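I have placed the structure first, in the form of structure tokens, so that the comments after it can refer back to it.
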Amino acid sequence: MTDVSSGGVTHHDVVCPFCGLGCDDVSLTVRGNAVEAGEGACGRAAALFRRSADPAPSARVMGREVALDEALAAAAELVSAARSPVYGGLGTDVDGVRALIKLASKTGGSVDHYASTGLFRNLSTSQRKGWIATTLAEVRNHCDLLVVIGPDPSEAFHRLYNRITPPTGRFIKGKRKVVFLGGAPSDEARAQLEGVEIQTIAVPEGELLDALSRLQGLLSDAPAVPGGPDLAALAEGLKGAHYGVLAWSAGMLGGDGDLIVERASIIVDILNVDTRAACLPLAGRDNLIGANQAFLWNIGFPLRTAFRGGQADHDQLLNSTEEALKSGDLLIWTSAFRPEQPPAFEGQLVAFAHPDTIFEREPEVFVPVGQPGLDHRGLAFRTDTVVSIPLGHYRDAGLPSIAMVAKGLRERLS
Amino acid sequence: MSAVRITGGKVLDPANGEVGVERDVFIQDGRIAASGAVGEGVTETIDAKGGVVMAGAIDIHTHIAGGKSNIARLLMVEEQRAIREPAGPFCACGGGLSTMTAHATGCRYVEMGYTAAFEPAVVGANARHMHYEMGDIPFLDTGGYLVLGNDDFLLDLIASGAGQQAVNDYVAWMLAATKCMAIKIVNPGGINAFKFNARRLDLDEANPHYEITPRKILTTLIRAVTELGLAHPIHLHGCNLGVPGNEQTTLDTIAATEGLPLHMTHVQFHSYGTEGDRKFSSGAAKIAEAVNKNPNISIDVGQIMFGQTVTASADLMSQHRNRGIATPKRWIGMDIEMDAACGIVPFEYKDKSFVNALQWAIGLELFLLVEDPWRIFLTTDHPNGAPFTTYPHLLRLLMDKPFRDEQFAKLPKSARKHSILNELKREYTLEEIAIVTRAAPAKILGLTDRGHLGAGAAGDVVIYRDDPDREAMFSKAEYVLKDGRVVVKDGEIVDVVYGRTHSVAPDYDKSMDAKLDRWFDQAIGFKAKTFKMRDHEIRDGQGTVVHATKRSA
């Protein structure tokens, strides 16, 4: 749906690609190159969609403005000469990821997404032990008791409670309840949870894992784990709930986040013997989940996979961007959703990145790229890994997609 | 213009009544041409002397894509590390066997002479992922069967007495939105009931929330696809998968159809009796007898083979029940979006296990006891019974009784005692193999231009060396042509091409749009128009091949 007025074109029901909730009720007004988000956009989405009327910047080589062709030729020289390329960022749609997989499998090098820390905390449990998980609409309709573990995820997923815990749900009898265990809802979260019973259980700093162990003990009639807070009522609540959900944003959990995730998944396993329960692991900024999915179906491994000599291998420690940069000599940074700054690095830098990216130092090659869901169509995945969302094309600022740029670069390699 | 002439091969084309006729086959511009039509224009001649020429094979039930396949890859990381796609000019750095990646899937299928494979479990919420992933599988034409029968919108329609017409409109709306080609039901109502904490649901047991039975859901959807005029009948994964004694459920399900067409899938897993001291026995004879008597029923087998695999199903109710037998000990379940669910449980079938050995024998008994090759299909329910790469071995088991007996003799005595397999003398002929792998799948899916070599058919042609070792023969085709292009030569891939995606789009009353707009806004929490797939999303804008239905758009 679009409205045309002298002030530009307003598009309604635009799908938002940023946080992983996939809200699709955003309105965008486009005047030439300028973009302003209106109704439906949360504060963060509005800031990320906003564009000035300025023309898109040119590509640059060593700070010198050049045509795209010349930038790609320079990038091809650097990539060909590189001993150990590192593909970082990966903030792109599924087509962009597919093109980067093809490029990296040709040049060799490790591949990781810049926001994958939480994903790998989750995978350390799901891959090794497994879990019972759920999706946003299941929570919305079935979940009578939501337990949010650790810091409030709505700091990253702004409209989370609007989406998953409105006051009424199709199968919910009585009042829905949300318990914050070891975290507290923001004011905005409280506003979204109006009509829902909220309880906050404080957990001393660093003791969240102990608290979950205590909860597990209470559910499995194991010897009591000493300490506070008292979680007997929460345990009873979960046993009595029709469909309890344990949610967390693994990226916000601390260093023992992987153990917290494992403990939560065990609690859900125990509950499912007699009643129903599920995990809702939240992670998924800038199509992180879509990048991981495309890796799994094309390569067979999750992200943090490296290509060497025509073979792929996965190692979630060695192939993280941070580790890979220690031995890498070239960083190929891709970030189309937001002006995410590449990590500090002394080697060479090729950036296919958001036009507003501020670099600590001028990259050897910079190609400004369009945003999926604004400058071109694309596909991104929601945080729950099941639903994928179609992203639209709303303006023509002359910015190529990462898929186009990566393909162009690959074609220039001998 | 290009034209290929295949000379001197024995043509096996049962759809057109040709059994081993030695004649030339012509392919012009990607399609089979009549011999007189090509004239002087032949640009390539292939000598097939001593070979057998068939249409490209079609797999009607193979889990090749989607969220559950990715979960399986994630869980089976050891397999992914151990089995990598061999490096070569057409390598795509993938891997796996039971969890094979997209590019490898296309390669391994086409080497065996398969040129089409259909994904039988597309959960609506995951349809977009499914299509993108299928688009990365080379060589194969694909399509998906949409999973209905546990979706809350449908159960609500049935429970509230909205009527058959409303159900038909909804089914048509969902097919259009997800670009699928058939309807699959998985454990009708059972997956949904598990969300309300039911642990089992028999054919005549009511769903705890909607108070409707699997029988009601099944018969309503059978009527819907019949009235919409879909070529493929309801593709049913029945109640009580894997439960000893489920042979009765399967027989009752056949009776419930009242003569309307029904395809029952991986029936091996639904053919278990409770006889013997272990309370587990073969129901194959009873099931085969019922299939033989009811011409409206077709089945695929879901043969198991011994070895490590992973079971991936929308049936979380059953998979939760099976979680204790996971090998290695890990499994993932998901409730999905008011739509369905999934459960992924790694499993190793062992020939020393009484139950697994008998499962193996039950599958083969079904193959040999069902008389009409047009109503039984060759599947392992990849990867649930075994990876599809075991098909050549399975073909030899069906075609070679001494070989079959040799394998049977290796099983534990306790299992052999419960099977009549060594009494079954039947050996499938090459013609029957051409039927169960080509002609019949095309027919039951309504793919009129596939599975045969008549003029106008797709130029998907396979030449096999006529080797008495049928396993060797079907493992590597001498030649495979996809849409008239040579893609396999001497069992090796020589070119990469991509197939098309097939769908149906029966018409529906447009008042269904408003109802689903409201449903998505209120229950699902995003918009119906976001859910609906567009043509530009299929294979980089190619769109689907839309097949005609009785009630056409």
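The values are calculated or read from the model by the stated rules, or taken from the named source; none is laboratory data. Keep in mind that this is a model prediction, so the values were computed, not measured. Every residue, glycine as well, gets a Cβ built from its backbone with ideal geometry; the counts of neighbours run over all protein chains shown. Ligands, DNA and RNA are excluded from the accessible area calculation, which covers all protein heavy atoms including side chains. Shrake-Rupley method; radii C 1.70, N 1.55, O 1.52, S 1.80 Å.
The packing ranking of peptides A:211-220, A:74-83, highest mean first, is A:211-220, A:74-83, where packing means the average number of other beta carbon atoms within 10 angstrom of each residue.
Where in region B:283-388 are there trypsin sites (Lys or Arg not before Pro) that are in a DSSP coil and have at most 16 other Cβ atoms within 10 angstrom of their Cβ? Passing both the DSSP loop test and the Cβ count: B:K329, B:K350, B:K352.
Averaging 1/r across all pairs of distinct Cα atoms in region A:119-283 and inverting the result yields a Kirkwood radius of 15.6 Å.
Amide H contacts of A:D93 (H built 1.01 Å from N, in plane; Pro and chain starts excluded): no residue 5 or more places away or on another chain comes under 5 Å.
Take each residue in A:301-310, count the other chain C-beta atoms within 10 Å of its C-beta, and the mean is 3.
The alpha carbon centroids of region B:296-312 and region B:64-81 are separated by 18 Å. What you get for region B:65-445, charging only the Cβ of Lys and Arg (+1) and of Asp and Glu (-1), is a dipole of about 980 debye around the Cα centre. Think of a 1.4 Å ball rolled over the protein heavy atoms: the protein assembly as shown then has 33 Å² of accessible area per residue.
Would you mind giving the mean number of other chain beta-carbons within 10 Å of the Cβ of each residue in B:85-97, as a whole number?
4
Dipole magnitude for region B:290-370: about 360 debye, using +1 per Lys or Arg Cβ and -1 per Asp or Glu Cβ, origin at the Cα centre. If you take the Cα centroid of region B:102-150 and the Cα centroid of region A:78-124, the two points sit 26 Å apart. Taking the Kirkwood radius as Rh and the Cα radius of gyration as Rg, region A:105-145 has a ratio of Rg/Rh equal to 1.20.
Antiparallel beta bridges, as assigned by DSSP with both residues in region B:65-445, represent about 45 percent of the total such bridges.
Are there any helices in chain A, counted as whole DSSP H runs, that stretch 24 Å or more along their axis by Cα and score at least 0.0 on average by Kyte-Doolittle, and if so which? Sorted by number, the helices that extend far enough and score high enough are A:257-274. Summary of the geometry: region B:359-405 and region B:194-241, compared by the centres of their Cα atoms, lie 27 Å apart. Within the P(r) computed for chain B, what percentage of the Cα pairs occupies the region above 39 Å? Counting every Cα pair in chain B, those more than 39 Å apart make up 22 percent. Rg and Dmax of the protein assembly as shown, both derived from C-alpha coordinates alone, stand at 28.1, 90 Å. Take the accessible area of B alone and of A alone, subtract that of the pair with a 1.4 Å probe, and the total buried over both chains is about 5000 Å².
Here's how it looks for B:C180: its modeled amide H is under 5 Å from those of B:V504, which are all 5 or more places away or on a different chain. A protection proxy built from the mean count of other Cβ atoms within 10 Å ranks the segments B:376-387, A:245-256, most packed first, as B:376-387, A:245-256. Using equal-weight Cα scatterers in the Debye expression, the normalised intensity of region A:16-61 in log10 at q = 0.24, 0.30 Å⁻¹ is -0.83, -1.07.
When DSSP beta bridges are restricted to pairs lying wholly in the protein assembly as shown, around 50% turn out antiparallel. Using amide H atoms built 1.01 Å from N in the peptide plane, name the residues 5+ places from B:G20, or on other chains, whose amide H lies under 5 Å from its own. Result for B:G20 returns B:V11, B:L12, B:D13. Sorting the segments B:8-15, B:476-483, B:55-62 by their mean number of nearby beta carbons within 10 angstrom, highest to lowest, gives B:55-62, B:476-483, B:8-15. Peptide B:124-131 has a mean shielding of 5, counted as Cβ atoms of other protein chains within 10 Å of each residue's Cβ.
Evaluate the charge dipole of chain A about its Cα centre and quote only its size in Debye, nearest 20, assuming +1 on the Cβ of each Lys and Arg and -1 on the Cβ of each Asp and Glu.
Rounded to the nearest 20 debye, it is 800 debye.
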